[in-house]
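Asker: The structure follows.
FYI, it's all coordinate maths here, none of it is from the lab. Here the structure is a predicted model, which is why all the values come from computation and not from measurement. Cβ: placed from backbone, ideal geometry, glycine included. Neighbour counts: every protein chain shown.
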Amino acid sequence: MRARIAIVAGVAVMVMAAAALAGLGFAAPAGPQRLAQPAAPGAVPVDVELILAVDVSYSMDPEEQALQREGYMAAVTSHEFLQALREGMHGRVAMTYVEWAGTHHRDIIVPWRLIDGPESADGFAADIGRARYTRASRTSISGALLFAVPLFDSSGYRGVRRVIDVSGDGANNAGPLVALTRDEVLAKGIVINGLPIMLKRPNLGTMDIDRLDVYYEDCVIGGPGAFVIPIKARDQFKQAIRTKLVLEVAGRTPKPRIVPASAKAPRISCTIGEKLWQDRWGN
């Protein structure tokens with residue numbers, strides 16, 4: 001990533017997160033920013049309502065799918081995550097785990113769950129592990145975002161922040177245009193973070209693209225403190241996912257990204273996935 005993000009001194013959990021990311025070229029974001037969120041009467045207050053939206057398209061091979069699940073299971077039960085949880089305003093978060101592919105494949109694997117300590121974290125991880133594996137065609141990040149937004153309204157929780165955490169290994173190639181959808185989501189006060197998985201060489205047959213991290217930065221994520229953590233090696237899965245969850249639970253936000261004023265051309269097209277699909281299939 002082009003920008004590095006300063007570590008907030010004196011916050012022990014963030015120091016641990018920064019150390020975990022030493023091998024990924026990413027440092028912990030600085031400075032919390034909180035967003036008040038409306039909720040139904042009687043909703044349980046939490047530090048964050050977090051939707052984990054996980055790619056299960058055919059471009060994700062079975063080993064990558066297993067690594068993803070294992071990464072989330074290990075992250076939510078880790079010492080670093082539980083430490084961040086304890087240091088929150090309420091000491092609890094609400095999470096749901098969703099898998100997605102094309103516009104017609106979105107499954108809630110683990111419904112909304114209150115995570116307030118080791119026992120509830122263990123239960124959440126166990127439910128991820130028990131779910132059967134599925135895969136489906138196409139990649140619709142926009143569809144995943146549109147599916148995720150209404151889930152907040154029926155969560156039963158009132159988060160100081162609302163976050164959609166998108167992980168995937170390809171660009172949007174189905175459903176609405178991703179940049180327009182992202183802007184609609186951000187207008188609702190929801191933050192989108194990204195975990196681009198970059199294990200394969202760019203290939204027209206699988207429609208993998210170069211610079212997927214840049215695509216996520218420019219076309220997918222957004223909102224106060226939004227960030228991207230790319231995964232470029234299989235042994236980075238658990239480390240990256242753990243650090244991402246710690247940052248999201250702790251509510252840290254990065255410094256503003258600095259883009260040279262002389263840059264006139266976009267770094268990457270937000271319709272590159274659709275273009276690759278058209279080039280391959282003609283429609």
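Asker: Starting from the Cα of ILE108, step 7 Å toward the Cβ, then list every residue of segment 122-158 with an amide N under 14 Å from that point.
Answerer: 147-157
Asker: Could you rank the peptides 180-190, 240-250, 214-224 by their average count of other C-beta atoms within 10 Å per residue, with the highest value first?
Answerer: Output ranking for 180-190, 240-250, 214-224: 240-250, 214-224, 180-190.
Asker: Calculate the all-directions average of the projected area of segment 153-238's alpha-carbon convex hull, and give it in nm².
Answerer: Spelled out: convex hull of the Cα atoms, projected over all directions, averaged, 6.9 nm².
Asker: How charged is the neighbourhood of PRO45? Take every other residue with its Cβ under 11 Å from the Cβ of PRO45, and add Lys/Arg as +1 and Asp/Glu as -1. Intermediate results must be reported in sequence, preceding the final value.
Answerer: On the way: positive: ARG92, ARG158; negative: ASP47, GLU49.
Value of the local net charge: 0.
Asker: Once label points are set 7 Å from the Cα along Cα→Cβ at both HIS79 and VAL44, what is their separation, rounded to one decimal in nm?
Answerer: Each label point is offset 7 Å from its Cα along the Cβ direction, giving 2.7 nm.
Asker: Applying 1/(1 + (r/R0)^6) with R0 = 25 Å to the Cβ-Cβ distance of LYS275 and ARG135, what FRET efficiency is obtained, to the nearest 0.05?
Answerer: On the way: r = 24 Å, r/R0 = 0.95.
Efficiency at R0 = 25 Å is approximately 0.55.
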